[in-house]
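Written below as structure tokens is the structure these notes are about.
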Amino acid sequence: MVASLTSSRLTPMFFTRYGHDDDPLTRALAPPPGETPAQRADREALELASQRRSDEIDDELRREKETERKKKPVKLLLLGQSESGKTATLKNFQLKFAGNEWRAERDLWRFVIVFNLIRNVTDILDEMAAYAARPALLDGSSSESDDASTLDSFFTTRRSGSPIRFKDRHRLLRTRLSPLRQIQKELEGALGNAAIEVNGDSQPSHKPNEFSIIASHGWKSAFDKLKTLRTQPVTESQPSMGRLKGLEEDILEALEDYLEDIVSLWNDPVVREMLARRRTHIEDTPGFFLDDVRRIARRAYVPTDDDILRSRLRTLGVQEHRFVFQEGLTKGREWRLYDVGGAHSSRAAWYPYFDDVDAIIFLAPISCFDEKLSEDRRVNRLEDSYYLWKTICECELLKYTQIILFLNKCDILEAKLERGVRVQDYVSSYGDRANNVATASKYFQHHFKELMKNNSPSPRTFYSHFTSVVQKDETAKTLAVVEESILRDHLRRADLM
Ligand SMILES: Nc1nc2c(ncn2[C@@H]2O[C@H](COP(=O)(O)OP(=O)(O)OP(=O)(O)O)[C@@H](O)[C@H]2O)c(=O)[nH]1
Ligand SMILES: [Mg+2]
């Protein structure tokens, strides 16, 4: 190198000032004057030995760096509005990559599933009561006066001139099933704040501080609480500790006692008609288990993977889940998944996590084009997803972070369109495109892609997947692709550091 520089570029002046003989380093490295052949051999042997040692140290440093690189946890943030499927995606990660933890928690999910089932029942009872209170409004004729206003007598209403009449059996069902409300309350107490859904403007009265970092609310903390309650001995000073055992027994007895009534309520044509008139698609709501009541209301019931994926416990604040992957490309490596609460009140807690994540999975439920946010009934859910997506794409702090979009709830979208709900009635720009799942999902995907392109601070790749994250086999395939893509970025980042 020096030779070529010497011949082609350096000036005579350079040689005058920095000639080899004058260079201090050259002088220091030069053999001592008058060195004998034996001294020279000793010196060269010494130099060789120190070179070998230096190479060994370099190798050691390289190995240490490689080990560090392999050990560095992969950090993944799950974002999206409430009920978009973030926690369900996290469950799929655990199911596919960390089966031991998944199996260890299986029996605890029973509490959540039974809680969801009981809430399905009390939701129907609430709908009946609400309908009884305001039947005329619901049929679009506010002037209509009905001949009954309470469920205790009967209620009637009119649609296409045909009255609905609730009979004594409905009153009886309502009375007999009302003790389930107490069990629901106790389960809410055992599972914590995550069990309390926000509806409309109403907030839970004991609303927690949702802005704390790693807020202790969600499935993880609910299960920690259950585990403690389950293992603690009953003592007089701590009578509450034995409550879980008592609660478990109460639940099992109640489910056996009320099984036939629950089935009757759900299969009753008059109740179904009332739900239809109230436009309450209870079968599309999160944590719907009424079709499985005979399977679930048994002592021997063990939750299946599908049941767990379909169960619902909302997340508040941000929850960190650490798994050492037992499968996949990153087997042996720790992943830290941050599952956030998607409701408006939880969103301020997201920001501190943007700084140091390898990737984001953004969940956009595309079935919800005709729905409103539960925490703010004025806001269309699809519009809210677009808005959130745009905010994430334009964030400077996330400029170099890989963002993967899951266009989720495709199964519900398909069912909805087959039921005759028309996208164009809610999304005017949809025009007269075909009202089927393939066309609609592509249309929504295009909109998300455009938002990313137009709002990212610098060009980035648009990664997207059509998902129904309650379908575990399909989701497992998607997650394998996602794992590879995140790992690639993660290693690139680790190399840069
Ligand atoms: N049918 C269907 N249900 C889904 C899908 N994704 C999620 N769900 C269900 O929707 C409900 C809500 O999902 P979660 O994963 O709890 O939603 P989240 O985004 O974590 O909601 P927050 O914790 O409130 O922010 C659960 O009962 C899920 O089982 C889907 O693709 N299809
Ligand atoms: Mg959640």
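The values are calculated or read from the model by the stated rules, or taken from the named source; none is laboratory data. A quick note: this is a predicted structure, and the numbers were derived from the prediction, not measured. So basically every Cβ, Gly included, is an ideal-geometry build from the backbone, and we count neighbours across all protein chains shown.
For the range 299-312, which positions are in contact (Cβ under 8 Å) with a residue 40 or more places away in the chain and either over 22 Å from A476 (Cβ atoms) or of a type in the set (D, E, K, R) (or both)?
R299, Y301, D305, D306, D307, R310, R312
Which one is surrounded by the fewest Cβ atoms within 10 Å (Cβ to Cβ), of the residues in the range 333-354 that are touching a Ser or Thr at 6+ places or on another chain (Cβ under 8 Å) and in a loop (DSSP other than H, G, I, E, B)?
F354
When only residues in the range 429-458 that are among the small types (G, A, S) and assigned to a helix (DSSP H, G or I) count, which is farthest from K390 (Cα to Cα)?
Start the filter on the range 429-458 by keeping residues that are among the small types (G, A, S), which leaves 429, 431, 434, 438, 440-441, 456, 458.
Still in the running and assigned to a helix (DSSP H, G or I): 429, 438, 440-441.
Working: S429: 18, A438: 24, A440: 20, S441: 18 Å.
My answer is A438.
Pairs under 6 Å by beta carbon, first residue touching a residue at least 12 places away in the same chain (Cβ under 8 Å) in the range 368-393, partner buried (at least 17 other Cβ atoms within 10 Å of the Cβ) and basic (K, R), six or more apart or different chains?
Close Cβ pairs (under 6 Å, with a partner that is buried (at least 17 other Cβ atoms within 10 Å of the Cβ) and basic (K, R)) amount to C368/R381; L373/R381.
Would you check which residues across the range 355-370 are away from ligand 2 (no atom under 16 Å from the Cβ) and surrounded by 15 or more Cβ atoms within 10 Å (Cβ to Cβ) and list them?
The initial filter retains those residues of the range 355-370 that are away from ligand 2 (no atom under 16 Å from the Cβ), namely 355-359, 366-367, 369-370.
Across the range 355-370, the qualifying residues are V357, D358, A359, I366, S367, F369, D370.
Tell me the residue from D146, D139, D123 that is modelled with pLDDT under 90, within 27 Å of F288 (Cα to Cα) and either acidic (D, E) or surrounded by fewer than 23 Cβ atoms within 10 Å (Cβ to Cβ) (or both), please. Quick ask: steps written out before the conclusion?
Details: D146 fails: within 27 Å of F288 (Cα to Cα); D123 fails: modelled with pLDDT under 90.
Sole residue among the options that is modelled with pLDDT under 90, within 27 Å of F288 (Cα to Cα) and either acidic (D, E) or surrounded by fewer than 23 Cβ atoms within 10 Å (Cβ to Cβ) (or both): D139.
For the range 265-317, how many residues are part of a loop (DSSP other than H, G, I, E, B), hydrophobic (A, V, I, L, M, F, W, C) and either on the phi > 0 side of the Ramachandran plot or more than 16 Å from ligand 2 (Cβ to nearest atom) (or both)?
Just the residues of the range 265-317 that are part of a loop (DSSP other than H, G, I, E, B), to begin with: 268, 278-281, 285-289, 297-304, 311-317.
In the following step, the residues that additionally are hydrophobic (A, V, I, L, M, F, W, C) were identified as 288-289, 297, 300, 302, 313, 316.
Right, trim to either on the phi > 0 side of the Ramachandran plot or more than 16 Å from ligand 2 (Cβ to nearest atom) (or both) and you get 288-289, 297, 300, 302.
Residues meeting the conditions: 5.
Report, ordered by the first and then the second residue, all pairs with beta carbons closer than 6 Å, sequence separation of six or more or different chains, a first member in the range 78-91 that is over 18 Å from I308 (Cβ atoms) and among the polar types (S, T, N, Q), and a second member that is more than 9 Å from ligand 2 (Cβ to nearest atom) and part of a loop (DSSP other than H, G, I, E, B).
Final answer for the pair search is S82/A343.
Quickly run through the range 287-337 and pick out the residues that are within 13 Å of ligand 1 (Cβ to nearest atom), in contact with a Leu (Cβ under 7 Å, 6 or more places away or on another chain) and modelled with pLDDT of 95 or more.
F289, D305, L337
May I ask you to list the residues in the range 409-426 that are surrounded by 16 or more Cβ atoms within 10 Å (Cβ to Cβ) and in contact with a His (Cβ under 9 Å, 6 or more places away or on another chain)?
K416
Got a number for residues in the range 276-286 being away from ligand 1 (no atom under 12 Å from the Cβ) and in contact (Cβ under 8 Å) with a residue 60 or more places away in the chain?
Residues of the range 276-286 that are away from ligand 1 (no atom under 12 Å from the Cβ), as a first pass: 276-280, 282.
Still in the list and also in contact (Cβ under 8 Å) with a residue 60 or more places away in the chain: 277-278, 280, 282.
Result for the range 276-286: 4.
Identify, from the list T304, T285, T280, T330, the residue that is crowded, with 18+ Cβ neighbours inside 10 Å and among the β-branched types (V, I, T). Before the answer, list the steps.
Working: T304 fails: crowded, with 18+ Cβ neighbours inside 10 Å; T285 fails: crowded, with 18+ Cβ neighbours inside 10 Å; T280 fails: crowded, with 18+ Cβ neighbours inside 10 Å.
It is T330.
Would you please name the residue that is nearest to ligand 2 (Cβ to nearest atom), looking only at residues in the range 448-488 that are surrounded by fewer than 16 Cβ atoms within 10 Å (Cβ to Cβ) and of a type in the set (D, E)?
In this case the residue turns out to be D473.
Collect the residues in the range 62-84 that are acidic (D, E) and modelled with pLDDT under 85, keeping them in residue-number order. If you could, list the steps in order and put the result at the bottom.
We begin by selecting, within the range 62-84, every residue acidic (D, E); these are 64, 66, 68, 83.
Residues satisfying the conditions are E64, E66, E68.
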